[in-house]
1. Among 50-59, 68-77, how do they line up from the highest to the lowest mean number of other beta-carbon atoms within 10 Å?
2. What is the set of long-range amide H partners of LEU75 at a cut-off below 5 Å, with H atoms built 1.01 Å from backbone N?
3. Per-residue counts of other Cβ atoms within 10 Å, averaged by peptide: what ranking do you get for 38-47, 5-14, highest first?
4. Quick one: 3J(HN,Hα) in Hz for region 52-57, Karplus 6.51/-1.76/1.60 with θ = phi - 60°, rounded, Gly and Pro as x.
5. In sequence order, what are the phi-derived ³J(HN,Hα) couplings for region 15-23 according to the Karplus relation 6.51 cos²θ - 1.76 cosθ + 1.60 with θ = phi - 60°, rounded to whole Hz, with x for glycine and proline?
6. Put a dot 7 Å past each Cα toward the Cβ at ARG91 and ALA57; how far apart are the dots in nm?
7. For HIS69, what residues show an amide H to amide H distance below 5 Å, using hydrogens built from the backbone and excluding near sequence neighbours?
8. Using amide H atoms built 1.01 Å from N in the peptide plane, name the residues 5+ places from LEU103, or on other chains, whose amide H lies under 5 Å from its own.
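Every number here is computed from the coordinates shown, using simple stated rules; none is lab data. The model shown is predicted, which means the values in this text are computed figures rather than measured ones. Because the Cβ atoms are built from the backbone with ideal geometry, glycine has one as well, and the counts that use them run over all protein chains shown.
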Amino acid sequence: MICDTMQDFLAVLPPNRSIAGLDFGEKTIGVAISDLRRSVATPSEIIRRVKFTEDAARLFQIVKDRDIHGLILGLPLNMDGSEGPRVQSTRAFARNLARLTDLPIFYWDERLSTVAAERALLEADTSRKRRKEVIDAVAASYILQGALDRMGYMTPSGGGGQEM
């Protein structure tokens, strides 16, 4: 189920369960996992994309193994907020996932998440080779952490603020 608002997403999440953040790209899907209290996002792994059925099978294996109860999917909006081809492919991926699972899915604006991840890895003096290996999972953790921070200001029954 693709949720239109964060309130809708929160309303269907059971308490004290992890959620995953996804950075969906052309070649990879970065995956990050939250703690049970949904306060900290941790880079987990990178799924090398092959075809949808194999990608989804690997993702659902992670969901099962890590007891994930919701997905935050980074939405790669253009800097002016408009939607381009990457947003269309991300939405198509989410629609295809939603046909296979009851997990709630929510989009999170991912503008500059890869830039922030790259900067953090550079500041940590990570080698170029290592950065290339982990950048998508770190970007997924930035996406997920942004959503977790926003959730921290909301309750399942309401709360204020703007939605995407």
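1. Numbers: 50-59: 14.2, 68-77: 22.9.
By packing density, highest mean first, the sequence is 68-77, 50-59.
2. Here TRP108, ASP109, GLU110 satisfy the definition.
3. Working: 38-47: 18.9, 5-14: 16.9.
Final packing ranking: 38-47, 5-14.
4. Calculated HN-Hα couplings, in order: 3, 4, 6, 4, 5, 4 Hz.
5. Along region 15-23, the couplings run x, 6, 10, 6, 10, 10, x, 10, 10 Hz.
6. A separation of 3.0 nm, rounded to one decimal place.
7. SER18, ILE19, ALA20
8. none
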